[in-house]
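Worksheet for the structure shown next.
Quick note: the coordinates plus some simple rules give every number you see, no bench work behind them. Everything quoted here is computed from the prediction, not taken from an experiment. Note that we place each Cβ from the backbone using ideal geometry, even for glycine, and neighbour counts take in every protein chain shown.
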Amino acid sequence: MLKLHKCELCGQRFKPTKNGRLQIIKKTSIGKDECWVCQECAPIVREKLKEINLKI
């Protein structure tokens, strides 16, 4: 059975092999937290990450 990922922003489910998806890994003191973003929401997240990096 193929595991489907769920977009954290819009809730859309997609295959893990789909092009354009984005995996975000946040390291925590307990381990790591993973979230997935679909092809449609990935450009929005990339822009927000660029803005955050420019402010640092």
Dipole magnitude of the chain about its Cα centre, charges +1 at Lys/Arg Cβ and -1 at Asp/Glu Cβ only, in debye to the nearest 20?
160 debye
Select from the chain those GluC sites (Glu not before Pro) which occupy a DSSP coil region and have at most 16 other Cβ atoms within 10 Å, ordered by residue number.
E8, E40
What residue among L9, V45, I24 has its Cα farthest toward the positive end of the dipole of the chain, where the charges are +1 on Lys, Arg and -1 on Asp, Glu, each on the Cβ?
I24
From the cross-link list K6/K26; K3/K50; K3/K27; K15/K48; K15/K50; K27/K48, the entries with a Cα-Cα span beyond 21 Å are K3/K50; K3/K27; K15/K48; K15/K50
In the chain, the trypsin sites (Lys or Arg not before Pro) that fall in loop regions by DSSP, at most 12 other Cβ within 10 Å:
K3, K18
